Amino acid sequence: MSTTRLNRAFLGKLREICTRNWTQALDSLSPPCTPKHQPFNILYRALETTILEYKMPVGGRGRGGGRGRRGQAGSSASRADTSTQTVPRLSGVQRQDLIRGRGSHRGRGSHAREDVQGSAIARELPPPRAIMDGLADTFMKTLQRPGEVRGQDIMIEQDVEYLGSYNWIDRTKPTIVVPGSPPVWLDTRLPLKAPLDKFTLKGGMRFIDQNGYRMPSCTLYPLLRSVNIMTEEKGNHVDWAKVDFITDRSNLRRLLHWIRDDGSSDKTFRIDMQSAGNRTVLLNRWDPCTIEKMDKDRRSNGASVNAHCTRGVPECKNATDHYRIVKYNFDGLTMVVRFEVDAFIRPSPWEDTPSPISDDWSSSDISYQSSTAELDIIHGGLNVPQSSVLEVTTRRRTSVHPYNWAEGYQELYLSQTPYHHLALHTLGIVETIGKREFSKPEIVRMDQARKSEDVIKRGMNNHETSVEAQAQRVFRKLSVALQEIQRLAVAHGKEGRLSLVYVDGELRVISRMSRESCLPEALLRRFEE
């Protein structure tokens, strides 16, 4: 269809909507996914938002009527799902009930993530930091992207060790609950209404990096404190001197982006580095802002889906994000990685009044506290097994940016998150939740969205275009890059302060002007052999 005909068609649909026949209009309206139709997609998204948020009247019957348009059953995201929770097509009455708020799921109150009434949340946002803030004017060198690396696959499943975890509590002084707990996944009956997130924190704010917001000068401090407390209580001690990298998973994800990128991306990022002991590299996450105000254009349905589909455990209902720390061997490098967990899958059905739980699910004594000058620590929550953690992703069915499972697989592999759920919605109504489990063979099925392009460009056979094979090629390159980064950091000594800055398609090494340490001296001594 030409652009002119497309615009005429859209204006026709718009006229139908303005005459209150928007239900029939949306039933046949589907945005094309090509760049030249981007204005059309923007207008379509605006219509979705208007219909969902303001409940446009239908047929002169007043506010609250209407049916959402049924999502396309053949979307690429839904075809890639290996296991699917779905429902039959809804009747008109059912759709009207969902839009009016009378669907089969009526909600269960505000989730802690969605509405935290805390006194420590700033009402006024500081201005975003420039990516070169605090850095030298010139860069020391540019890291080259690793070429193709031949070798064995990098397998970390058998070496993963759960070291610690915690939840943040919103208090003036930084406070965490150890081990804390993610909320439990409920397998809520579908369909469900998950409107656009109006806010996640008091004042309409949303965390980008809660660790950086709570403890900006030492973001890794809660990681080490929670791990030391949990391992020492069990009679174990982490030999920090033998750890090669301590990092957030987000830093590894950014390095993966640099490795995959051909230099044409306009994406930028920064990672601050510091060496500890004789070999350990501390990678600190850096963002222009650690918290943001959610305007209309940046809202999503993710927190609403989590609020409907999860329930906080009793001791952590007033806590916020849950972070988990694991250790594993990555091609000879000992990695300690922190990542956020959305939920966990309980082996047995969750009751309103939980029954006594086994040693693997032991409840902790919330009365115990072990605080420092920098951080208050409360003992409470559940020791959730690594085999039960879950990541939840939400996407609009007609999104021009569908979920990329090839990249998602790589990210989940680096935290060994065994479950992934993809909630697909249309007009905020979730009718399908695709489920993947790493322990099943289907996890390495072909990525249909990329198969043809990869085969044409690289001449690969079917085996080599699998999601797992793509990941292994990238992981081998990541190993080479991490070894080079470690050599750089160690060579500049314990007083060296370097940053990795990705701009203009290049990863540059730049010195920081401040010599401030990212950890207190007492913790740094633990890295000495």
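The values are calculated or read from the model by the stated rules, or taken from the named source; none is laboratory data. Just so we're clear, the structure is a prediction, and the values are computed from it rather than from any experiment. Glycine gets a Cβ as well: all are built from the backbone with ideal geometry, and neighbour counts include every protein chain shown.
May I ask you to list the residues in the stretch 488-529 that are small (Gly, Ala, Ser), closer than 23 Å to Asp287 by Cβ and modelled with pLDDT under 95?
Gly505
Can you run down the residue pairs with Cβ atoms below 7 Å, 6 or more apart or on separate chains, where the first is in the stretch 392-415 and within 20 Å of Cys309 (Cα to Cα) and the partner is among the charged types (D, E, K, R) and at pLDDT 95 or above?
Close Cβ pairs (under 7 Å, with a partner that is among the charged types (D, E, K, R) and at pLDDT 95 or above) amount to Val392/Asp342.
Output the residue which, of all residues in the stretch 310-326 that are more than 16 Å from Thr417 (Cα to Cα) and among the basic types (Lys, Arg), is surrounded by the fewest Cβ atoms within 10 Å (Cβ to Cβ).
Lys317
Give the stretch 243-291 a look and list any residue that's among the aliphatic types (A, V, I, L, M) and within 24 Å of Asp504 (Cα to Cα), or say none. It would help to see each step written out before you state the result.
Here is the first cut: in the stretch 243-291, the residues among the aliphatic types (A, V, I, L, M) are 243, 246, 252, 255-256, 259, 271, 273, 276, 281-283, 291.
Matches in the stretch 243-291: Leu252, Leu255, Leu256, Ile259, Ile271, Met273, Leu283.
Given Arg512, Arg497, which one is surrounded by fewer than 18 Cβ atoms within 10 Å (Cβ to Cβ) and either in the same structural domain as Arg145 (by TED's automatic domain parsing) or under 30 Å from Ile229 (Cβ atoms) (or both)?
Arg512
Within the set of pairs 6+ apart or on separate chains, which have a first residue in the stretch 143-156 that is in the same structural domain as Met335 (by TED's automatic domain parsing), a second that is among the aromatic types (Phe, Trp, Tyr) and loosely packed, with under 10 Cβ neighbours inside 10 Å, and C-beta atoms under 8 Å apart?
Close Cβ pairs satisfying both conditions: none exist.
Return yes when Glu391 is modelled with pLDDT of 80 or more and surrounded by fewer than 20 Cβ atoms within 10 Å (Cβ to Cβ) and no when it is not. Quick ask: steps written out before the conclusion?
Working: modelled with pLDDT of 80 or more: yes; surrounded by fewer than 20 Cβ atoms within 10 Å (Cβ to Cβ): no.
No; evaluated as a whole, the condition is false for this residue.
Give me the strands (runs of 3 or more DSSP E) completely within the stretch 204-295, filtered to those with at least 3 residues that are among the hydrophobic types (A, V, I, L, M, F, W, C), ordered by residue number.
Of the strands (runs of 3 or more DSSP E) lying wholly inside the stretch 204-295, those with at least 3 residues that are among the hydrophobic types (A, V, I, L, M, F, W, C) span 269-276, 280-286.
Take the residues in the stretch 159-187 that are in contact with a strand residue (DSSP E or B) (Cβ under 9 Å, 6 or more places away or on another chain) and among the polar types (S, T, N, Q); name whichever of them is farthest from Asp209 (Cα to Cα). Reasoning before the result, please.
Residues of the stretch 159-187 that are in contact with a strand residue (DSSP E or B) (Cβ under 9 Å, 6 or more places away or on another chain), as a first pass: 159-171, 173-187.
Adding the requirement that they be among the polar types (S, T, N, Q) leaves 165, 167, 175, 181.
Details: Ser165: 16, Asn167: 13, Thr175: 15, Ser181: 18 Å.
Checking each candidate, the answer is Ser181.
Kindly indicate whether Gly134 is touching a residue at least 40 places away in the same chain (Cβ under 8 Å) and in the same structural domain as Arg512 (by TED's automatic domain parsing).
It is false that Gly134 is touching a residue at least 40 places away in the same chain (Cβ under 8 Å) and in the same structural domain as Arg512 (by TED's automatic domain parsing).
Return the residues of the stretch 310-344 that are modelled with pLDDT of 95 or more and under 15 Å from Ser388 (Cβ atoms); say none if nothing qualifies.
Scanning the stretch 310-344 gives His322, Arg324, Val326, Phe339, Val341, Asp342, Ala343, Phe344.
Taking Asn167 and the conditions (1) among the polar types (S, T, N, Q); (2) outside any strand (DSSP E or B); (3) more than 18 Å from Leu523 (Cβ to Cβ), which numbered condition does it fall short on, given that it satisfies the others?
Unmet for Asn167, out of (1) among the polar types (S, T, N, Q); (2) outside any strand (DSSP E or B); (3) more than 18 Å from Leu523 (Cβ to Cβ): (2).
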